[in-house]
Structure formats: structure tokens, C-alpha cells
Amino acid sequence: MSIWFDVARVATALTVGFLLALSYVWGRNYVELRSKHALGLFLFAIFLLLENATSVYMYEFHGVLADWFASGAVPARAWKWMMALHVLETVGIAFLLWVTWD
């Protein structure tokens, strides 16, 4: 198992946690305010959460894909790019969570 795979898995799991927190805040804001802006942010968080939860499922639990990802069959160059995308997304969502929670 490569370090890139581990970094991508951790970044994706962190993103799921951050998006759960964001969807809670934005969902609560929508219930209280009934604004389109809050609804849009809530739906954005839900769809991005579904995308990241699917990634976590594929990396950890899917019978074929989890084994393929963990086996080292994916070229290191591809993993570096995937890891970079997951880390950038995690940093962006973390910043959004910090701004929202403040």
C-alpha cells in the first residue's frame, strides 16, 4: 500500500467529517431562516458529502476496488494526482468550515 493511498483515504475521511459539520450548520440555518442561500449551501454540502462518502466506501469497503487500490496496481503518478485533489478539497472544505463556524 502506498503512502499516496493512505493520504488520499485520510483526506477523504476528514472531508466527510467536515461536510457533516457544514451540513448540520447550513441545514439548521435553512430551518431557522428559510432562505434560498442556506438551502443552496445545505444541498451543496449534501451532494459533496455523497461524493466523498462514495470515495471512502470505494477505498475501504468495496470488494474489488478496495483490493485494487490497496494492491499497488494503481500507478504512483495517478495516486499522486488523486491524493493532491483530495488534499486540496480537504483544505478548501476545512477553510469553509472555519469561516462558517466562526
Using the Cα atoms of segment 55-97 to build a convex hull, what is its mean projected area in square nanometres?
3.2
Charges at C-beta only: +1 for Lys and Arg, -1 for Asp and Glu. How large is the resulting dipole of the chain about its Cα centre, in Debye rounded to 20?
200
Reciprocal of mean inverse Cα separation for the chain (Kirkwood radius, Å):
14.5
Relative to the longest principal axis of the chain, what angle (0 to 90°, nearest 10) does the C-alpha long axis of helix 36-60 take?
20
Relative contact order for the chain: what is it in percent, counting Cα pairs under 8 Å that are at least 6 residues apart?
46
For segment 15-67, the percent of all C-alpha pairs falling in each 5 Å bin, from 0 up to the bin holding the max distance, is 5, 23, 21, 17, 12, 9, 7, 4, 2, 0
In square angstrom, rounded to the nearest 10, how much accessible surface does Trp4 have for a 1.4 Å probe?
80
If we count every other residue with Cβ under 13 angstrom of Leu39's Cβ, Lys/Arg +1 and Asp/Glu -1, where does the sum land?
+2
For an R0 of 30 angstrom, estimate the FRET efficiency from the Cβ-Cβ distance between Ala66 and Tyr24 and round to the nearest 0.05.
0.60
Suppose R0 equals 30 Å. What FRET efficiency, 1/(1 + (r/R0)^6) with r the Cβ-Cβ distance, do Arg34 and Phe95 give to the nearest 0.05?
0.65
Value at 222 nm in deg cm²/dmol, rounded to 500, when DSSP H runs of n ≥ 4 in the chain each add -39,500 (n - 2.57)
-31500 deg cm²/dmol
The summed charge of the Val56 Cβ neighbourhood (under 14 Å; Lys/Arg +1, Asp/Glu -1) stands at -3
Stretched fully, the stretch from Met58 through Leu88 gains (0.36 nm per residue minus C-alpha distance, one decimal, in nm) 8.9 nm
Protein-only accessible surface order, largest first, of Tyr59, Tyr30 at 1.4 Å
Tyr30, Tyr59
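The values are calculated or read from the model by the stated rules, or taken from the named source; none is laboratory data. As the structure is a prediction and not an experimental result, all values here were calculated from the model. Please note: Cβ atoms are built from the backbone with ideal geometry, for glycine as well, and neighbour counts cover all protein chains shown. Please note that ligands, DNA and RNA were not included when accessible areas were found on the heavy atoms of the full protein model with its side chains. Shrake-Rupley method; radii C 1.70, N 1.55, O 1.52, S 1.80 Å.
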